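> Starting off with a structure, shown below.
The values are calculated or read from the model by the stated rules, or taken from the named source; none is laboratory data. Everything numeric here is computed off the predicted structure, so don't read it as measured data. Cβ: placed from backbone, ideal geometry, glycine included. Neighbour counts: every protein chain shown. We work out accessible area using only protein heavy atoms, side chains counted, and drop any ligands, DNA or RNA first. Shrake-Rupley method; radii C 1.70, N 1.55, O 1.52, S 1.80 Å.
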Amino acid sequence: AGILTHRENVIALFEQTFDRIYGENKETQLEKDMLVKEFYQNIINQVFKQAPWLHHYVSAQHFQKLDYLWAGTLDGFREYFTRKLRELKEQVDTLCPKTTDKGLQELLLYVLGNPEGDLRLKIAAENVHLNYSYLSNNFSTKIPLHYSEYIQRVKMARAAYLLENTDLLIYEICDALSYQDTNYFTRQFRKVYQVTPTAMSP
């Protein structure tokens, strides 16, 4: 819940729980390791369950995959889990900016759930049954970027996911995301990720 509601101290809360588990003397080292892994896995599962739109931008397996080999250091084990959770939090913060406006929140969730749809503001407003003028006037004042910039951010994140996880060619991804010009798409992608789309393909 802390990750999805943008709580600043959410990583610190995890670290405190981690330290408390290892500070107890009831379980063996192996039992503590298993308990922390289960705790972490439950967090990942719940975030993806409560934010199904995340599947368009990153796979749950990315966070479930243990790329850390136990080396006997508790600090290394702790660093692995906090690094992964920090990455997940940054992904959520970037794609779903914090807002107290329920209408804008609904719009954000619609966009995130339909990255390959028609995301023109007028069309999106109709789909979430909200007033176009209200959204147009309030988006950039309540969320620190213009709607067009936000759509660009979402589409680039979706493009990065498709490049890394599918066999789609760049022109096919452009087509899916409604980019008519592959050169323009490549320039925008490089602006965000500092690499070309080709460099990100498997």
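> Return the pair list, or none, for Cβ contacts closer than 6 Å from residues in the range 52-66 that are within 14 Å of Glu116 (Cα to Cα) to residues that are assigned to a loop (DSSP other than H, G, I, E, B), at least 6 apart or on different chains.
His56/Pro115
> Now, a different point. Scan the range 1-13 residue by residue and report those that are under 20 Å from Thr99 (Cα atoms) and exposed (fewer than 15 other Cβ atoms within 10 Å of the Cβ). Working first, answer last.
Initially, the range 1-13 is screened for residues under 20 Å from Thr99 (Cα atoms), giving 1-10.
Ala1, Thr5, His6, Arg7, Glu8, Asn9, listed by residue number.
> Taking the options Lys49, Lys26, name whichever one is outside any helix (DSSP H, G or I), among the charged types (D, E, K, R) and exposed (fewer than 11 other Cβ atoms within 10 Å of the Cβ).
Lys26
> Moving to a separate point now. Name the residue, out of Gln16, Gln91, Gln41, that is part of a helix (DSSP H, G or I), open to solvent by less than 80 Å² (accessible area, probe 1.4 Å) and farther than 26 Å from Asn114 by Cα.
Working: Gln16 fails: open to solvent by less than 80 Å² (accessible area, probe 1.4 Å); Gln91 fails: farther than 26 Å from Asn114 by Cα.
When all the criteria are applied, what remains is Gln41.
> Do we have Val111 as touching a Gly at 6+ places or on another chain (Cβ under 9 Å), closer than 25 Å to Lys98 by Cβ and surrounded by 13 or more Cβ atoms within 10 Å (Cβ to Cβ) here?
Details: touching a Gly at 6+ places or on another chain (Cβ under 9 Å): yes; closer than 25 Å to Lys98 by Cβ: yes; surrounded by 13 or more Cβ atoms within 10 Å (Cβ to Cβ): yes.
Answer is yes for this residue.
> Since Lys98 meets every condition but one in (1) in contact (Cβ under 8 Å) with a residue 60 or more places away in the chain; (2) assigned to a helix (DSSP H, G or I), which condition does it not meet?
All conditions are met except number (2).
> Ok, one more. I'd like to verify a number: residues in the range 1-41 that are over 21 Å from the mean Cα position of the chain (by Cα), aromatic (Phe, Trp, Tyr) and closer than 19 Å to Phe63 by Cα, how many?
Counting residues in the range 1-41 that are over 21 Å from the mean Cα position of the chain (by Cα), aromatic (Phe, Trp, Tyr) and closer than 19 Å to Phe63 by Cα gives 1.
> Moving to a separate point now. Pairs under 9 Å by beta carbon, first residue under 12 Å from Thr186 (Cα atoms) in the range 147-164, partner open to solvent by 10 Å² or more (accessible area, probe 1.4 Å) and of a type in the set (Lys, Arg), six or more apart or different chains?
What qualifies is Met156/Lys191.
> Mind checking whether some residue in the range 46-58 is within 22 Å of Arg20 (Cα to Cα) and not β-branched (Val, Ile, Thr)?
The initial filter retains those residues of the range 46-58 that are within 22 Å of Arg20 (Cα to Cα), namely 46.
Right, trim to not β-branched (Val, Ile, Thr) and you get 46.
Among the residues of the range 46-58, at least one is within 22 Å of Arg20 (Cα to Cα) and not β-branched (Val, Ile, Thr), which makes the answer yes.
> In the list Phe77, Phe63, which residue meets the criterion of being open to solvent by less than 80 Å² (accessible area, probe 1.4 Å), modelled with pLDDT under 90 and within 25 Å of Gly23 (Cβ to Cβ)?
Testing whether each residue is open to solvent by less than 80 Å² (accessible area, probe 1.4 Å), modelled with pLDDT under 90 and within 25 Å of Gly23 (Cβ to Cβ) leaves just Phe77.
> Name the helices (runs of 4 or more DSSP H) wholly within the range 116-167 that hold at least 1 residues that are of a type in the set (Ser, Thr, Tyr) and either at pLDDT below 95 or open to solvent by less than 30 Å² (accessible area, probe 1.4 Å) (or both)? Write out each step before concluding.
Working: elements: 121-127, 132-142, 147-165.
Once the helices (runs of 4 or more DSSP H) in the range 116-167 are filtered for at least 1 residues that are of a type in the set (Ser, Thr, Tyr) and either at pLDDT below 95 or open to solvent by less than 30 Å² (accessible area, probe 1.4 Å) (or both), what remains is 132-142, 147-165.
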